[in-house]
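Before any comments, here is the structure.
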There are 2 protein chains.
Amino acid sequence: MHDAEDVDQELREHAEKLALTLSQGGMQKTTARVMTALLFSRHETMTAGELCESLRISSGAVSGAVNQLIPTGMIERVPAPGSRRDHYRFRKHAWATLMGNQNTLLASMWDAAAGGIKIAGREGVVGLRLDEMQDFYGFMQREMAALIDRWREQYDAGQA
Amino acid sequence: MHDAEDVDQELREHAEKLALTLSQGGMQKTTARVMTALLFSRHETMTAGELCESLRISSGAVSGAVNQLIPTGMIERVPAPGSRRDHYRFRKHAWATLMGNQNTLLASMWDAAAGGIKIAGREGVVGLRLDEMQDFYGFMQREMAALIDRWREQYDAGQA
DNA sequence: CTGAGCGTTCAAAGATCTCTGAAACTCGAC
DNA sequence: GTCGAGTTTCAGAGATCTTTGAACGCTCAG
């Protein structure tokens with residue numbers, strides 16, 4: 001039978017596994033570990049000290065990871081009542097936010113295509129390649145934003 | 001006035017700029033440079049030798065990059081008539097393919113959420129966080145595939 | 001005002017990843 | 001079957017990125 005200890009242990013293992021996947025997908029290893037630790041924590045929030053201990057990393061590393069996660073909207077600093085310690089929490093709708101941030105990337109791709117077209121026109125082999133690229137990223141930029149909104153509505157409705 | 005040389009030169013600069021962006025987004029630097037070189041080339045295809053020379057990298061590096069790009073569906077090897085040299089070409093709909101590959105990632109995220117729920121259930125702070133995550137990635141997986149198909153149809157229709 | 005507790009910063013150590021250069025290999029032409 | 005252009009592989013060099021550990025600084029309690 002599962003007691004609370006076992007559950008924590010297994011959750012941490014899952015957290016580490018996901019962190020590994022994410023780090024292979026380009027995210028920094030420590031950043032990913034901090035994020036998944038918060039994601040799979042049974043507590044509402046965790047302090048920097050708890051993250052240090054749980055992940056066996058230095059406070060400097062935690063500080064760095066946290067300050068990389070906050071601007072992306074994945075986690076937030078929670079004002080700690082009656083304590084100077086910072087508490088961190090995985091944000092609601094963090095995944096949707098993360099995906100929404102991709103729009104910046106989509107926009108750069110569109111821009112890159114546009115820049116090339118400005119130089120080479122829309123004719124010829126380059127022109128046609130770039131035209132397709134621009135069309136694709138224009139489409140994605142429009143539709144992705146709509147898609148995420150749609151999820152938010154659907155999810156919020158389901159909660160009520 | 002733009003002559004052909006200038007155009008090539010400017011295209012190459014744009015290619016490098018995009019490669020830099022992509023490499024910051026997690027792609028390998030050389031891989032990104034090879035990809036953008038093919039993307040912004042005014043030729044239909046390029047040989048490995050041309051890529052070496054144009055990017056000032058060793059043939060080993062080209063080989064590595066190319067073999068990383070091919071499985072993703074971004075570029076393809078083109079049978080060269082009457083030459084042993086390999087010719088490489090940026091594939092049609094490469095961007096759509098690339099985005100479609102993300103589905104694998106979306107699926108792993110869904111799996112990670114499912115695994116956590118199996119351990120901790122859907123109640124409590126972890127359970128609710130994971131439930132939201134699973135809902136989001138399930139939604140995205142379904143909708144992204146549909147979205148890409150929609151683009152393909154729309155684009156192919158526009159070409160006809 | 002002073003001290004304790006925490007978070008942040010930064011230089012240096014360390015780990016990781018990538019490129020090069022050369023040797024090995026492949027495959028078509030003759 | 002042999003030659004040779006061209007590609008792939010791989011060990012070692014090199015560049016890059018990360019983490020640590022310690023010093024610094026900030027904030028609140030007393």
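The values are calculated or read from the model by the stated rules, or taken from the named source; none is laboratory data. Because the structure is predicted, anything quoted here is derived from the model rather than measured. Cβ atoms come from the backbone with ideal geometry, glycine included; neighbour counts cover every protein chain shown. These accessible areas exclude ligands, DNA and RNA; they are computed on the full protein's heavy atoms, side chains included. Shrake-Rupley method; radii C 1.70, N 1.55, O 1.52, S 1.80 Å.
Data overview
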| quantity | calculated |
| --- | --- |
| Test: residue in segment B:94-103 that is closer than 30 Å to residue A:8 by Cβ, part of a helix (DSSP H, G or I) and not small (Gly, Ala, Ser) | no |
| Segment B:113-154, residues that are open to solvent by less than 20 Å² (accessible area, probe 1.4 Å) and without any contact (Cβ under 8 Å) to a residue 12 or more places away in the chain | B:115, B:126, B:127, B:132, B:136, B:139, B:147 |
| Any hit, segment B:79-91, residues being open to solvent by less than 30 Å² (accessible area, probe 1.4 Å), within 25 Å of residue B:137 (Cα to Cα) and not in a loop (DSSP other than H, G, I, E, B) | no |
| Extreme residue, nearest to DNA strand C (Cβ to nearest atom), among residues of segment A:4-20 that are open to solvent by 80 Å² or more (accessible area, probe 1.4 Å) and more than 8 Å from every other protein chain (Cβ to nearest Cβ) | A:20 |
| Residue match in segment A:62-71 (condition: of a type in the set (Gly, Ala, Ser) and surrounded by fewer than 18 Cβ atoms within 10 Å (Cβ to Cβ)) | yes |
| Test: residue in segment A:21-39 that is away from DNA strand C (no atom under 16 Å from the Cβ) and within 14 Å of another protein chain (Cβ to nearest Cβ) | yes |
| Some residue of segment B:111-126 being within 21 Å of the chain's Cα centre (by Cα) and either away from DNA strand D (no atom under 16 Å from the Cβ) or within 9 Å of chain A (Cβ to nearest Cβ) (or both) | no |
| Criterion violated by residue A:50 - all others in (1) away from DNA strand D (no atom under 12 Å from the Cβ); (2) at the interface with chain B (Cβ under 10 Å from one of its Cβ atoms) satisfied | (2) |
| Any pair with Cβ under 7 angstrom, 6 or more apart, that starts in segment B:33-58 at a residue that is open to solvent by less than 20 Å² (accessible area, probe 1.4 Å) and part of a loop (DSSP other than H, G, I, E, B) and ends at one that is more than 16 Å from DNA strand C (Cβ to nearest atom) and of a type in the set (A, V, I, L, M, F, W, C) | B:40/A:126; B:40/B:11; B:41/A:126 |
| Among the candidates A:91, A:33, A:42, A:56, residue that is within 10 Å of DNA strand D (Cβ to nearest atom) and closer than 28 Å to residue B:110 by Cβ | A:33 |
